[in-house]
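The values are calculated or read from the model by the stated rules, or taken from the named source; none is laboratory data. Please read all numbers here as calculations on a predicted model, not as lab measurements. As a convention, Cβ positions derive from the backbone with ideal geometry for all residues, glycine included, and neighbour counts pool all protein chains shown. Only protein heavy atoms, including side chains, enter the accessible area calculation; ligands, DNA and RNA are left aside. Shrake-Rupley method; radii C 1.70, N 1.55, O 1.52, S 1.80 Å.
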Amino acid sequence: MRVVILIIICALSISCADKYKDSENSPQDYQIIPKPLSLEVLKGRFLVDSNTKVTGTIALNNEGAYLAEMLTRASNITVPFEIGASGNIVLKLDESIENEEGYTVSVTYDQIFISGKTAQGVFYGIQTLRQLMPASIESETNQIEALTIPAVTIKDNPRFVYRGMHLDVARHFFPVDFVKKYIDLIAMHKMNTFHWHLTEDQGWRIEIKKYPKLTEVGAWRNGTIVGHHPGTENDQKRYGGFYTQEEIKDIVKYASDRHVTVIPEIELPGHSSAAIAGYPNLSCFPKERTVVTRGVMSDAGKVAQKNGTAKIVQETWGVFDDVYCAGKEETFSFLQDVLNEVIPLFPSKYIHIGGDECPKANWERCPDCQTRIKKEGLHNEHELQSYFITRIEKFLNSKGKDIIGWDEILEGGLAPNATVMSWRGTEGGIQAAKEHHDVVMTPGHSCYFDHYQTANKENEPLAIGGKTTVEDVYAYEPTPNEFSEEEAKYILGAQGNVWTEYMKTTDYVEYMILPRMSALSEVVWSSKKARNWNDFKNRLDVLRERYDALGLNYGEHTFNLENEGE
Ligand SMILES: [Zn+2]
């Protein structure tokens, strides 16, 4: 009896699938961002039904479970993943694919194959499959009755190995759930790196067990300036938060399951007011009071300083003279202890050590720093910064990690194995590449998503300044034109930077990254010759439906903004 029922069910489902065998598909069915290398449109559609089963080897357990969960949610039918079984959706590793992150997707009316050189490639194949399905699959409450996927053959691989998004959680703090949502967006765009800016003047956001005051004191500021820097007044609201090491492990695992590498940034020697508030001896001048510009310090801050607490967590934005003392051994033992706790939390090959915007005013008048300069035979404070970075680099190299730093680390001589993140335009990146250092391009004009995204700033929420439209991002070319093939190899890729002085809420972060990160994803993934603004705009209109289904916040008016002339 059971056999008979099974046969009837099979017969029914085959006839259902057959219904889609010769379907004519429309170009709208194939709107994928970032654009794949090659895409061949075929006739027919694959129907997800009660016979659908995802299969693969144990090495693809994570990807299989991810896809099965996605299809179950999308189709409202339970789609299982089974290791080693036979099914009509097959995930496999394929050594013949050249690119480490490359993949192929083959959909016919009765079978789907997703192959990758690595599990990561298979994961990107799944992300492509996702965009072949209707946007409504993203909605928690979708009412899809017959989920079908258009037949296609896609061969694809990324252009750059580093495809990043940065998030500053120090100026404003964002909860674990949002960080995961951010990582999901990175993964959806086939980007592979999350640069997590964890320490700043205005807040220290990572639990360090050996130095509890970093978070007891350093994670909290007594208030924040109101309005654009330097601000009109102080909001007088205690503000802060931090991630426990357990939360960080959870986020790193979540990212790893989505093939996103998390690079932590521990800023040094500048942007260190929050750490100094917890441990004043790290400053050249522990007894000198923290200065909050133009008298916009909170009342609580003033009371604390009146009562003898010199150092407080910064309440305004900008660059501050009070930085780690480069003369005291105590500074280096502190930073090494901190890094000793950071390293095991992050499997990433890189640790970002900041290195930007470190004024030398305190070092110039600090006896300890001056003694260091003499003892080490340095010529000036720029070389002292280079000494600082190189010493930290040596330590991290000894632990099997490489450093990335902002392009100021070029000043006074670049640490031997450092990778440079070029943010003050592209010159730093060009210089570093010519010196045979790896480079990640993040120039302000194209990759700073804290800039206004239209010229009509009056109608926009407060931002730091600038103007970077979605087309500006799309037009960006990370490899300088004048580079030889050999030099071009040092350009690892590019990254969107999201500094959050003025982004107080998660909604606002979404507003600022969308659709600019979608444009950047194509810059770093797709081939240079495939990039076409009008074609991208059409695909972006389709992706926007996915943003809607995901409940993401964005400004509709920002989508079609072209370089309307300054
Ligand atoms: Zn000093």
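Which number do you get for Rg(Cα) / (2.2 N^0.38 Å) in the stretch 265-311?
Compactness ratio reported: 1.19.
Taking amide H positions as placed 1.01 Å from N in the peptide plane, with prolines and chain starts having none, which residues 5 or more places from Met421, or on another chain, fall under 5 Å of its amide H?
Excluding prolines and chain starts, which carry no amide H, the hits are Gly405, Trp406, Asp407, Val440.
Kindly provide the Kirkwood hydrodynamic radius of the stretch 381-434 in Å, to one decimal, from all pairs of distinct alpha carbon atoms. Let's see the in-between values first.
Details: mean 1/r = 0.0896 Å⁻¹.
That comes to 11.2 Å for the stretch 381-434.
Of Lys155/Lys537; Lys180/Lys489; Lys253/Lys349; Lys155/Lys190, which sit over 26 Å apart, Cα to Cα?
Numbers: Lys155/Lys537 22 Å; Lys180/Lys489 32 Å; Lys253/Lys349 15 Å; Lys155/Lys190 14 Å.
Check vs 26 Å cut-off fails for Lys180/Lys489.
Checking the a/c ratio against 1.5 first, then a/b against b/c, what shape does the Cα gyration tensor give for the stretch 163-280? It would help to have the intermediate numbers written out before the result.
Details: a/c = 2.15, a/b = 1.55, b/c = 1.39.
Since a/c reaches 1.5 and a/b is larger than b/c, the shape of the stretch 163-280 is classed as prolate.
Kindly provide log₁₀ I(q)/I(0) values, in the same order as q = 0.20 Å⁻¹, from the Debye equation applied to equal alpha-carbon scatterers of the stretch 429-496.
Rounded to two decimals, the profile gives -0.78.
Kirkwood Rh, Cα Rg: Rg to Rh for the stretch 76-216? Don't jump to the answer; show the numbers that get you there.
Working: Rg = 19.6 Å, Rh = 18.0 Å.
Rounded to two decimals, Rg/Rh equals 1.09.
If I stretch the segment between Glu485 and Leu39 completely, what's the gain in nm (0.36 nm per residue apart, minus their alpha carbon distance), one decimal? Before the final figure, lay out each step's value.
Working: separation 446, 0.36 × 446 = 160.56 nm, distance 2.74 nm.
Taking 0.36 nm per residue and subtracting the Cα distance, the gain is 157.8 nm.
Mind computing the radius of gyration and Dmax over the alpha-carbon atoms of the chain? Å is fine for both.
25.8, 92
Loop-only trypsin sites (Lys or Arg not before Pro) in the stretch 465-566, please: DSSP not H, G, I, E or B, and at most 13 other Cβ atoms within 10 Å.
On the way: sites: Lys467, Lys489, Lys504, Arg516, Lys528, Lys529, Arg531, Lys537, Arg539, Arg544, Arg546; in loops: Lys489, Lys504, Arg531.
Sparse-neighbourhood loop trypsin sites (Lys or Arg not before Pro): Lys489.
Classify the stretch 462-550: rounded, prolate or oblate, from the alpha-carbon gyration tensor (a ≥ b ≥ c, eigenvalue square roots; a/c under 1.5 rounded; otherwise prolate if a/b is larger than b/c)? Numbers along the way, then the final one.
Values: a/c = 2.41, a/b = 1.41, b/c = 1.71.
It is oblate, given that a/c is not under 1.5 and a/b is not larger than b/c.
Relative contact order, percent, of the chain when contacts are C-alpha pairs under 8 Å separated by at least 6 residues? Before the final figure, lay out the partial values.
Working: 1214 pairs, mean separation 75.9, N = 566.
It rounds to 13 percent for the chain.
Over the stretch 442-492, what is the relative contact order in percent, taking alpha-carbon pairs closer than 8 angstrom and at least six residues apart? Display every interim value, and only then the final one.
Values: 42 pairs, mean separation 16.3, N = 51.
Relative contact order comes out at 32 percent.
Quick check: from the Cα gyration tensor, does the stretch 10-101 come out rounded (a/c under 1.5), prolate or oblate?
On the way: a/c = 1.77, a/b = 1.06, b/c = 1.67.
Oblate is the answer for the stretch 10-101, as a/c is 1.5 or above yet b/c matches or exceeds a/b.
Got a sec? What order do Leu543, Leu37 fall in by accessible area at 1.4 Å, biggest, i.e. largest, first? Could the numbers behind the result be given before it?
Values: Leu543 5, Leu37 95 Å².
Largest accessible area first, the residues go Leu37, Leu543.
Counting other Cβ atoms within 10 Å, which trypsin sites (Lys or Arg not before Pro) in the stretch 211-293 have at most 14 and lie in a DSSP loop?
On the way: sites: Lys213, Arg221, Lys237, Arg238, Lys249, Lys253, Arg258, Lys287, Arg289; in loops: Lys237, Arg238, Arg258, Lys287, Arg289.
Filter output for the stretch 211-293: Lys237, Arg238, Lys287.
Mind listing the phi-derived Karplus ³J(HN,Hα) values for the stretch 265-270, rounded to whole Hz, using 6.51, -1.76 and 1.60 with θ = phi - 60°, and x for any glycine or proline?
My calculation for the stretch 265-270 gives 10, 10, 5, 7, x, x Hz in order.
Once phi is turned into ³J(HN,Hα) by the Karplus curve 6.51 cos²θ - 1.76 cosθ + 1.60 with θ = phi - 60°, what whole-Hz value does each residue of the stretch 50-55 show in order, with x for glycine and proline?
These are the phi-based 3J(HN,Hα) values: 5, 8, 5, 9, 8, 10 Hz.
Using only the C-alpha atoms of the stretch 318-366, find the volume of their convex hull and express it per residue in Å³. Intermediate values should be presented prior to the final figure.
Working: hull volume 4.6 nm³, N = 49.
Once divided by residue count, the hull of the stretch 318-366 is 93 Å³.
Antiparallel as a % of all DSSP beta bridges within the chain, to the nearest 5? Kindly include the intermediate steps, with their values, before the conclusion.
Numbers: 25 of 67 bridges.
Looking only at bridges with both residues in the chain, the antiparallel portion is about 35 percent.
At a Cα cut-off below 16 Å, give the aspartates and glutamates reachable from Lys374, other chains included and same-chain residues fewer than 8 away excluded.
Glu329, Glu364, Glu383
Could you tell me which residue out of His228, Phe113, Val323 lies farthest along the dipole of the chain toward its positive end? Charges go on the beta carbon: Lys and Arg +1, Asp and Glu -1, centred on the Cα centre.
The residue sitting farthest along the positive end of the dipole is Val323.
Work out from phi, with θ = phi - 60° and the Karplus expression 6.51 cos²θ - 1.76 cosθ + 1.60, the ³J(HN,Hα) of each residue of the stretch 317-326, listed in order in whole Hz, and give x for Gly and Pro.
9, x, 10, 10, 5, 7, 10, 4, 6, 8
Which far-off residues, 5 or more places away or on another chain, put their amide H under 5 Å from the one on Gly465, with H placed in the peptide plane?
Tyr452
Which trypsin sites (Lys or Arg not before Pro) from the stretch 345-412 combine a DSSP loop assignment with at most 14 other Cβ atoms within 10 Å?
Lys349, Lys399
Which whole-number value in Å³ per residue fits the convex hull of the alpha carbons of the stretch 303-407? Spell out each step's value before the answer.
Working: hull volume 14.7 nm³, N = 105.
So the per-residue Cα hull volume is 140 Å³.
Just to confirm my numbers, what's the Cα centroid distance between the stretch 189-265 and the stretch 342-417 in Å?
Centre-to-centre (Cα) distance: 22 Å.
Pull up all non-local amide H partners of Gly223: gap of 5 or more, or a different chain, and H-to-H distance under 5 Å with H placed in the peptide plane.
Here Tyr239 satisfy the definition.
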